[in-house]
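Visitor: Sending over a structure as structure tokens; questions will come in a sec.
Just so you know, all these numbers are worked out from the coordinates, no wet-lab data involved. Computed from a prediction, not measured in an experiment: that's the story for all the values here. Reconstructed Cβ throughout: ideal geometry from the backbone, glycine too, with neighbour counts over all protein chains shown.
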Amino acid sequence: MDSKIRKTFKFVVIGGGIAGVTCVEQLSYSLPSDDVALITAGPHIKAVTNYKQVAKVLEEFDVEEQPASVLEEKYSNLTVIHSPVKRLHTQSHLVETEDGHIYGYELLCICSGAIPKLLSHDKPYVLGIRDTDSAQEFQKQLTKAKRIVVIGNGGIALELVYEVEGCQVIWAVKDAAIGNAFFDAGAAKFLTPSLGADKQERVAPCKRSRYTTEAQTFTADRHRQGRGSGHTEPGSALGPDWHRELVLKGAEEASRRVSVEYQCEVEKIFTSEEMLNSQSETHALDTEKWPVYVKLTNGKTFGCDFVVSATGVTPNTEPFLHGNSFTLAEDGGLRVDDHMVTSEPDVYAAGDVCTASWEHSPLWQQMRLWTQARQMGWHAGRCMAARVLSETIELDFCFELFSHITKFFNYKVVLLGKFNAQGLGADYELLLRYTKGQEYVKVVLQTGRMVGAVLIGETDLEETFENLILNQMDLTEYGEDLLNPDVDIEDYFD
Ligand code: FAD
């Protein structure tokens, strides 16, 4: 195999999503005389732009889908290779790509993202949304749809049910409240009325960039590698405002119509033929004929045009496992330590593909989000460079406190620390401030100290609360004044 090696690079990074690109930028910038290769399946890369540090750890940025040449023009030591990796040989430090080439590396970082967990891989009419191509496919199917069933209670489902118009949405969630991955039943109660209201005009223009990818066509070369014409290469995951570029409109005129089915999961998905053959087993709630039927564990069956499976993601490790002995975490991710090192020699990993397996700060947890993909890619790049330079490096400060800024149902949402009292048992107190349609503020306190917060709406509290969580000040004496709207809390703690 050695004779076939095309080139050996000091650093090879796999994946042109936010983790891989950030890692590559960090390496190319800090070690300009070393060769860096980015090997990626998709034609475009994801670049972070307009990065803004909102507070000590809270950050906001835009994401632009760009041609990889933009990166190569910026860093003369960088080569971008467009071909999916099909095998990795960690012992010989070699990577094989689908187009038949072999590359050597001294240090490797895997940033191959995650793939959507599909409810059913063999059923037609079940869609997952991950990248630009799958989002466009969803949009196309939606234009002909009168009713869809959305399964899942994470960020993608939350955004999707709010954005779809002109089509009835049946939303099946396994929990007793919507948005369980992000907030509690109180916040869900605050947000739920938005589902019944018409979509408001956005108060502020969207700051995110628009995605400009064209649907990919595949070269004859790739067909020769045994891939069928319907195959699409795994692209980068979409991120904040993924739906902005897409008109998510169904076949009907009516505006948003969402009905939520709580505490249920999918028992079975039937095609219309299977439905006809199993009339005794189940019956749909209406007489209309649909292409697909979903039977839920609450006993109800809904016919629909198609099903959206938004039930989370699985780390995309498959191409790298054969013949290697990576230690995988329970969620299927490559386990990494606090230097983003996997269990295989000289192999790092970052972003959705990895599972942070160091002893976390008590106020941080991993969630497969845009911000963490950037932070991990950046930290991995720094650790790899430090290794070559024989420098020591500490875990970055951003892993001290979980922080995330997003938008749900057109409200700004800030999540800090143990925002849902994760892992605190019964040993915590909550303070709440709630103004219908305007704001929802929840603070999680443990032994008088703030350990988490949910801020929905324009509360302007994020910086102060981030400070209070980081400095772990005893807040007992302030009591409920902490959330008293008549007290200017910023002055209070200055
Ligand atoms: P990805 O962005 O998935 O990039 C993986 C890269 O690896 C891609 O370039 C791919 O082409 C490449 N690749 C894959 N396999 C191979 C291979 N075998 N060989 C070579 N290259 C390969 N997060 C938020 O914080 N906020 C949000 O609002 C939000 N909304 C989302 C909405 C949707 C619809 C989705 C799908 C995700 C959303 N996320 C959101 C999650 C966020 O997008 C991901 O956490 C983040 O993009 C992960 O980045 P990554 O670099 O690890 O992986």
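Visitor: Within the stretch 304-400, which chymotrypsin sites (Phe, Trp or Tyr not before Pro) sit in a loop by DSSP and count at most 16 neighbouring Cβ atoms inside 10 Å?
Guide: Numbers: sites: Phe306, Phe320, Phe326, Tyr348, Trp358, Trp364, Trp370, Trp378, Phe397, Phe399; in loops: Phe326, Trp358, Trp364.
Of the chymotrypsin sites (Phe, Trp or Tyr not before Pro), the ones in loops of the stretch 304-400 whose Cβ has at most 16 other Cβ atoms within 10 Å are Trp358.
Visitor: Looking at the chain only, what percent of DSSP beta bridges run antiparallel? Nearest 5 please. Numbers along the way, then the final one.
Guide: Values: 54 of 95 bridges.
Once the DSSP bridges in the chain are tallied, antiparallel ones form about 55 percent.
Visitor: Going by C-beta contacts inside 10 Å, put Cys167, Cys111, Cys264 in order with the fewest on the left. Show your work: numbers first, answer last.
Guide: Numbers: Cys167 22, Cys111 32, Cys264 17.
The most exposed by this proxy come first: Cys264, Cys167, Cys111.
Visitor: Whats the longest run of the chain with zero trypsin sites (Lys or Arg not before Pro) that are DSSP loop and have at most 12 other Cβ atoms within 10 Å? List each step's numbers first, then the result.
Guide: Numbers: sites that count: Lys144, Arg202, Lys207, Arg210, Lys289, Lys436.
So the longest stretch without any such site is 290-435.
Visitor: May I ask for the net charge around Ser76, where only other residues with Cβ less than 13 Å from the Cβ of Ser76 are counted and Lys, Arg are +1 while Asp, Glu are -1?
Guide: Values: positive: Lys74; negative: Asp34, Asp35, Glu72, Glu73.
With Lys, Arg at +1 and Asp, Glu at -1, the net is -3.
Visitor: If you don't mind, another one. Quick one, can you get me the convex hull of the C-alpha atoms of the stretch 418-492 expressed as volume per residue in Å³?
Guide: It is 88 Å³ per residue.
Visitor: Could you tell me the ratio Rg/Rh of the stretch 452-494? Both radii from Cα atoms, Rh via Kirkwood. List each step's numbers first, then the result.
Guide: Details: Rg = 10.1 Å, Rh = 11.0 Å.
Looking at the stretch 452-494, the ratio lands at 0.92.
Visitor: While we're on this one: Taking a quarter of the surface of the Cα convex hull of the stretch 40-140, what do you get in nm²?
Guide: Values: hull surface 41.7 nm².
With the hull built on Cα positions only, its mean projection is 10.4 nm².
Visitor: Roughly speaking, what is the centre-to-centre gap between the stretch 436-494 and the stretch 47-110 when only Cα atoms are used, to the nearest Å?
Guide: Going from one Cα centre to the other spans 39 Å.
Visitor: Between Lys189 and Asp99, what is the label-to-label distance in nm when each label sits 7 Å out along the Cα-to-Cβ direction?
Guide: 5.7 nm
Visitor: Just from its helices, what would the mean residue ellipticity at 222 nm be for the chain, if runs of 4 or more DSSP H residues each count -39500 (n - 2.57) and the sum is divided by every residue, rounded to the nearest 500 deg cm²/dmol? Numbers along the way, then the final one.
Guide: Working: 12 runs with 98 residues, N = 494.
The helix contribution divided over the chain gives -5500 deg cm²/dmol.
Visitor: Starting from the Cα-Cα distance between Lys7 and Thr287, subtract it from 0.36 nm times their residue separation and give me the gain in nm to one decimal. List each step's numbers first, then the result.
Guide: On the way: separation 280, 0.36 × 280 = 100.80 nm, distance 6.30 nm.
Length difference between fully extended and current span is 94.5 nm.
Visitor: On full extension of the chain, what length is gained from Thr447 through Thr49, given 0.36 nm per residue of separation minus the C-alpha to C-alpha distance?
Guide: On the way: separation 398, 0.36 × 398 = 143.28 nm, distance 3.99 nm.
Separation in residues times 0.36 nm, less the Cα-Cα distance, equals 139.3 nm.
Visitor: What are the extents of the Cα atoms of the chain along their three principal axes, in Å, largest first?
Guide: The Cα atoms of the chain stretch 67, 65, 39 Å along their principal axes.
Visitor: Still on this model: For an R0 of 56 angstrom, estimate the FRET efficiency from the Cβ-Cβ distance between Asp346 and Glu463 and round to the nearest 0.05.
Guide: The calculated FRET efficiency here is 0.90.
Visitor: Out of the stretch 354-429, which GluC sites (Glu not before Pro) are coil in DSSP terms and have no more than 12 other C-beta atoms within 10 Å?
Guide: Values: sites: Glu359, Glu391, Glu394, Glu400, Glu429; in loops: Glu359, Glu391, Glu394, Glu400.
Here the GluC sites (Glu not before Pro) that fit, given the DSSP loop and packing criteria, are Glu359, Glu391, Glu394.
Visitor: Taking the Cα-to-Cβ direction at Leu321 and at Trp358 and moving 7 Å from each Cα, how far apart do the two end points lie in nm?
Guide: The modelled label-to-label distance comes out at 2.6 nm.
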